[in-house]
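The values are calculated or read from the model by the stated rules, or taken from the named source; none is laboratory data. Small disclaimer: the values here were computed from a predicted structure and weren't measured. Reconstructed Cβ throughout: ideal geometry from the backbone, glycine too, with neighbour counts over all protein chains shown. Surface accessibility is based on the protein's heavy atoms, side chains included, excluding ligands, DNA and RNA. Shrake-Rupley method; radii C 1.70, N 1.55, O 1.52, S 1.80 Å.
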Amino acid sequence: LVGCIHALFLSPMNCYGSHGEAISTTDRMYLESLSLQGTLTFDNTTASATDWGQLRSQLPPSGVMHPTSVDDIATVVAAVARSESELTVAARGLGSSIWGQSQAHNGIVIEMTSLKGIKVAPLGDAASNGVPFVEAMGGEMWVDVLTTSLEYGLAPRSWTDYLYLTVGGTLSNAGVSGQSFRHGPEVSNVLQLEVVTGTGEVVVCSATKSSELFFAVLGGLGQFGIIAKARIVLEVAPQRVRWIRAIYTDFATFKADQELLIGAAQPFDYVEGFVVLNNENAINGWGSVPFVRSDINAAMIPGHAGAIMYCLEVTKAYSAAALPTLDQVVESMLAPLSFHRGLLFEKDTTYFKFLDRVHEVEMELRAHGLWEIPHPWLNIFVPASSIDRFNTLVFKPIATQEFSGPILVYPVNKSKWDKRLSVAVPEGPEEIFYIVAFLRNKLPDTIGGPSLTEMLDYNESVLRICESLHCKQYLPHYEDRNKWTHHFGSKWDLFVQNKQLFDPCAILSPGLNIFTRGR
Ligand code: FAD
């Protein structure tokens, strides 16, 4: 298949290749001769080869560009596509990937965060039918998109759990959180993109204009173009939220309630959940559920509870004017649910603080030197019809493990994911699938816990179970390139076709290990 890409596009694009060496003198001189507003350096490039996972040994790029205009990106991408070598290009957001997805060994990394700009259109425009939107450069962080939008009393409606991620980086994957059941992932909330394709062409696209490129790029793992700008739908921002957590001892009841909530006519604004170990572990034991640790103790856990419990997490947005009736409203929304009544915990906070909640955890972990450590994370989409088996085969045995990190599990509605998006979701007619995230940290040896090898072996064992349960990896990574065909399933042929159209020399995002640059 890769050969097919090469064969197809040797002409007319003239894609050349040598043998994977570091940059040649000719290429370097050629790139140095380009007229750029930003900078392109070939020294000290190792910082651009780091990521959140810390699982890929340092594979530094040859060059690093800090663009200050979209033209800078287009100029460098076009030059790389024309070069007579195997040079590649990766856009890098904040390197929040696990497996080197934003790296380009011996290629050029474009540090997208150097390109700044966030503009709010509070009244929208004709193309958006008056729907307000924010236009952000691809390297802007979601936290800054939120802060700027809030100045207008507006906010995006779909999020990730953590906001120190870039717009382009999350839109290249999907961007999921507790709002996804209602508004779809972040990729379902984009009105327009400005994209630099793999040939260096700058294209403005949307669902109605150059739509092939638009849908290819959203969830496209950086394979079809670099997101220079994105227009994101805004809604009136809630002022405050009531943040609620409730414990279940039984998976069937937990699952039934989560699915009830995501289909409710008047839903909560956010629905997530996580696995809780029936122990005092600070990270994922029952002590991690209440907002104030002293609000729970061992005597409160029902005697019949097994080694694994589950926590539902929801929020209800409200304005100051709605406060007098809030208790009553929330009570009626919780009434049909079957959590343990004595194990309900609530907290009121501002909308910003709720959305920025993981940043508080970050500050704490940083203070203890536990933020910049290896993260062998694994994210999976599990079809609803497989989630009971997943609970039996994967969640329940976790009780016997030392598991240093949260385990998220929450359902979303597939109809909120446009079929034309590149992102691979479980196939078939089922409306619901679950987002499951094993957010495990490799603690320093001085603290103890399983080795990195043991954790990675564990992930592999989960992925083997997933094969028979028809799951899809989210933020996918495969060492074996052949597995991409299976991953994309019915979307694979279009994925390849789009690669041929928009990045014919296969220069973009080589860290994914899907295609090889043509020779
Ligand atoms: P990078 O990791 O730098 O890049 C990711 C990929 O996108 C690479 O292939 C890169 O080449 C490509 N890319 C980067 N920028 C662009 C661009 N402008 N145009 C085209 N391609 C580009 N994800 C969720 O969905 N939900 C969550 O709740 C969530 N929580 C997270 C919490 C933490 C603490 C961390 C570290 C990550 C979390 N993620 C979550 C994962 C996150 O969405 C991905 O790591 C994503 O890649 C964004 O990271 P980034 O902006 O640093 O991109």
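Some points to look at:
- Top-ranked residue in the stretch 302-325 [being over 16 Å from Ala399 (Cα atoms) and among the β-branched types (Val, Ile, Thr); ranked as most open to solvent (accessible area, probe 1.4 Å)]: Thr325
- Test result for Phe395, at negative phi, of a type in the set (A, V, I, L, M, F, W, C) and in contact with a Ser or Thr (Cβ under 8 Å, 6 or more places away or on another chain): no
- Against the list (1) away from the ligand (no atom under 13 Å from the Cβ); (2) touching a residue at least 60 places away in the same chain (Cβ under 8 Å), the condition Ser210 fails is (2).
- For Gly405, the conditions (1) surrounded by fewer than 20 Cβ atoms within 10 Å (Cβ to Cβ); (2) in a helix (DSSP H, G or I) are fulfilled apart from (2).
- Annotation: of all residues in the stretch 337-363 being open to solvent by 80 Å² or more (accessible area, probe 1.4 Å) and away from the ligand (no atom under 13 Å from the Cβ), the one that is nearest to the chain's Cα centre (by Cα) is Lys353.
- Exactly one residue among Ala121, Ala174, Ala216 is within 25 Å of Thr88 (Cβ to Cβ) and in contact with a Phe, Trp or Tyr (Cβ under 6 Å, 6 or more places away or on another chain), and that residue is Ala216.
- Arg341 being in the same structural domain as Met309 (by TED's automatic domain parsing), of a type in the set (Lys, Arg), over 28 Å from Asp51 (Cβ atoms) and modelled with pLDDT of 95 or more: yes
- Flag if Thr170 is hydroxyl-bearing (Ser, Thr, Tyr) and assigned to a loop (DSSP other than H, G, I, E, B): no
- Residues (within 25 Å of the chain's Cα centre (by Cα) and open to solvent by 70 Å² or more (accessible area, probe 1.4 Å)) located in the stretch 281-301: Ile283
- Condition check for Val361: within 23 Å of Val276 (Cα to Cα) and not aromatic (Phe, Trp, Tyr): yes
- Among residues of the stretch 146-167 being outside any loop (DSSP other than H, G, I, E, B) and within 12 Å of the ligand (Cβ to nearest atom), the one that is surrounded by the fewest Cβ atoms within 10 Å (Cβ to Cβ) is Thr166.
- Test result for Val204, open to solvent by less than 10 Å² (accessible area, probe 1.4 Å), assigned to a strand (DSSP E or B) and touching a strand residue (DSSP E or B) at 6+ places or on another chain (Cβ under 7 Å): no
- Looking only at the stretch 367-391, residues that are within 16 Å of the ligand (Cβ to nearest atom) and touching an Asp or Glu at 6+ places or on another chain (Cβ under 8 Å) come to 1 in all.
- Asp72 vs. criteria more than 9 Å from the ligand (Cβ to nearest atom), of a type in the set (Asp, Glu) and either open to solvent by less than 10 Å² (accessible area, probe 1.4 Å) or at pLDDT 95 or above (or both): yes
- Residue count for the stretch 212-248, restricted to those that are of a type in the set (Phe, Trp, Tyr) and outside any strand (DSSP E or B): 3.
- Annotation: of all residues in the stretch 364-378 being under 19 Å from the mean Cα position of the chain (by Cα) and open to solvent by 20 Å² or more (accessible area, probe 1.4 Å), the one that is nearest to Ser97 (Cα to Cα) is Trp377.
- Listing of helices (runs of 4 or more DSSP H) fully contained in the stretch 434-519 that carry 2 or more residues being modelled with pLDDT of 95 or more and outside the structural domain of Arg56 (by TED's automatic domain parsing): 452-469
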